[in-house]
1. How many residues does the stretch 361-411 contain that are assigned to a loop (DSSP other than H, G, I, E, B) and basic (K, R)?
2. For E426, are the conditions met, namely being in contact with an Asp or Glu (Cβ under 8 Å, 6 or more places away or on another chain), in contact (Cβ under 8 Å) with a residue 12 or more places away in the chain and of a type in the set (D, E)?
3. I need the full set of residues from the stretch 296-332 which are of a type in the set (G, A, S) and either out of contact with any Lys or Arg (no Cβ under 6 Å at 6 or more places or on another chain) or assigned to a helix (DSSP H, G or I) (or both), in order please.
4. Find all pairs meeting these conditions: Cβ atoms under 7 angstrom apart; at least six residues apart or on different chains; first residue within the stretch 392-407 and over 12 Å from L522 (Cβ atoms); second residue part of a loop (DSSP other than H, G, I, E, B).
5. Take the residues in the stretch 419-448 that are over 15 Å from S286 (Cα atoms) and of a type in the set (S, T, N, Q), then tell me which one is surrounded by the fewest Cβ atoms within 10 Å (Cβ to Cβ).
6. Could you list, in sequence order, all residues of the stretch 325-359 that are over 23 Å from I510 (Cα atoms), among the aliphatic types (A, V, I, L, M), in contact with a helix residue (DSSP H, G or I) (Cβ under 7 Å, 6 or more places away or on another chain) and free of Cβ contacts under 8 Å to residues at least 60 places away in the same chain?
Amino acid sequence: MQKIILTGLTAAVLLTSCSSQKTESASTAITSENTAVQQEAQAFLDRYSKDYQQLYTASTEAEWASNTTIVEGDSTNAVATRKANEAFAAFTGSAENIEKAKALLEQKEQLTDLQVKQLEAVLYTGANNPQIIPDVVKARIKAETEQTEKLYGFDYRIYEKSVSTNDIDNILKNETSLKKRLDAWQASKEVGKNLREGILNLRDLRNKTVQSLGYDDYFSYQASDYGMTRQQMMNLVQQINEELRPLYRELHTYARYELAKKYGVKEVPDYLPAHWLPNRWGQDWSSMVEVKGIDLDGALKPKGEEWLVNQAERFYVSLGFDKLPQSFYEKSSLYPLPANANYKKNNHASAWHMDLDKDVRSLMSVEPNSEWYETTHHELGHIYYYMTYTNPDVPVLLRGGANRAYHEAMGSLMGLAAMQKPFLIELNLIDKNAETDGVQTLLKEALSYVTFIPFAAGVMSEWEHDFYAQNLPANQLNKRWWELAKKYQGIVPPSPRGEEYTDATTKTHINDDAAQYYDYALSYVILFQLHDHIAKNILKQDPHATNYYGSKKVGNFLREIMYPGASADWRKMLKNKTGEELSARAMVDYFQPLMEYLKEQNKGRKYTL
């Protein structure tokens, strides 16, 4: 045997070579292992997504029928909806799917970020439908369906005559007789009597459902979709309330005195009687102000309701988005039912992504007025968000907003943009030579956006937090609702309201979109951050007088936010696009010019908040 003597250099070279080969071998093994795990995860996600999409579509189609065709005494749609939702729940909540997703996430270091996000979505959806307690899930679905039918099928009556919610809203906006206002407001709350038992049952069922997979309560479950604890979410909405409180205090004082003058009441009340306000829940006071030189209702009435929807579409197309598919118009329910219709429908505006693909629809009851003009732009914001993230780079399971508030922010942003004076001039909805009062315009906007925050981030969020997380006693539902309305909104009922009324349940979302109303408050904060950036950095215009119309740069900015859907990290997205974290800073800045005006108007007046 020939003996080889290695010199130091040769030995080093060979040792390095051996070490390199071992490293490469280990790296290859790790890569191979990662690839195998990724392949396993992808195979599961592909199978799951296919079934998920089919069952989701069936469920949404059934819900659509239940919302658009409500026939008293006919439970056909309710039964079909319940069955479709039970099938969807059985699949998403199956122990097999949940356990598989959990097992794969234990190896998350070897998965792609996109796979991790999808698996987390599987678990989040599954937590609301766990089949380890199938009877509870079925009972919850049945209860939700019945609650929805009671809410939307309710026969509102004033002086023994049936009226629509649109009719009630118009009375509260325009009527000066306090007696007639009171009658309309009280009529709007009668539905709550029928919903009390149902909401208490739903609390029990919703909490039990998510507790089976480790969540403390249903409110905590909903907040977790933001990557936040229940307390973190409450801290955030409290922060927003505090940032806007000084401005709201001025608006509240102004409204008390101005409305007392309008209704001929000599002694100004310390708190606003609920029926004085032009909205059933006191969340939007904007119709208190008519801006000189701007008569949108008058300009829109002769155009008809179809023009409003078509114009909203033209707005998005001008930014570079595609036209709506023809199926949108064929399948949507956009206008009020004829007076002789033998069925009812849900009049609450909403947007629907029926199949998480090309079938997009909207449910509205559009009338040619300024409120519906803004609403059409808002709802189409959701529709274009759906259409934009329906692309090959976004898996079915992540076809949602960056967070739930982003979806609302997109809609509300376009609603704000559609009401800006330069744009209204371009549409010939106001005369270009008309003298308008910028402060009054700002006041009208504040009475829409700012007055909404104490309701959404205060009353609604805190009531649902107490209801689900603190197990609010059944004999304190109405008591707590009005305590919060007084604390945050400075609003009180016209007369004492007993527990039989359950006024919280008259708000749609308490019943069918529970424990997430803070989405809307956060969306307003985000929308003003986005608008501030668009106005100053893209359009180079005054944020109070912008015109997005025809700007492809604005369209590209929005498309970049919309395109990744829920595959994007919402915090990073906001920071990257606006340069700042979530904050009411932009909203406060936008309304700052109004503060001095309100302080001047309120000199000598009594503040009660």
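1. 1
2. Details: in contact with an Asp or Glu (Cβ under 8 Å, 6 or more places away or on another chain): no; in contact (Cβ under 8 Å) with a residue 12 or more places away in the chain: yes; of a type in the set (D, E): yes.
No, not satisfied.
3. Selection gives G298, A299, G304, A312, S318, S327.
4. Correct list of pairs: V394/P564; V396/L356; R399/L356; R399/T390.
5. N433
6. Across the stretch 325-359, the qualifying residue is only L334.
Residues are listed down the side, and each one gets a yes or a no for (1) touching a residue at least 24 places away in the same chain (Cβ under 8 Å); (2) under 30 Å from Y607 (Cβ atoms); (3) in contact with a Gly (Cβ under 8 Å, 6 or more places away or on another chain); (4) in a helix (DSSP H, G or I):
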{"position": "A184", "(1), (2), (3), (4)": "yes, yes, no, yes"}
{"position": "G198", "(1), (2), (3), (4)": "yes, no, no, yes"}
{"position": "R203", "(1), (2), (3), (4)": "yes, no, no, yes"}
{"position": "Q231", "(1), (2), (3), (4)": "no, no, no, yes"}
{"position": "Q238", "(1), (2), (3), (4)": "yes, yes, no, yes"}
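To keep it simple, each residue is scored yes or no on (1) within 25 Å of L200 (Cβ to Cβ); (2) crowded, with 21+ Cβ neighbours inside 10 Å; (3) within 24 Å of the chain's Cα centre (by Cα).
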residue: E72; (1), (2), (3): yes, no, no
residue: A80; (1), (2), (3): no, no, no
residue: K117; (1), (2), (3): no, no, yes
residue: N129; (1), (2), (3): yes, yes, yes
residue: V136; (1), (2), (3): yes, no, no
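The values are calculated or read from the model by the stated rules, or taken from the named source; none is laboratory data. For clarity, every value in this text was computed on a predicted model and none was experimentally measured. Cβ atoms come from the backbone with ideal geometry, glycine included; neighbour counts cover every protein chain shown.
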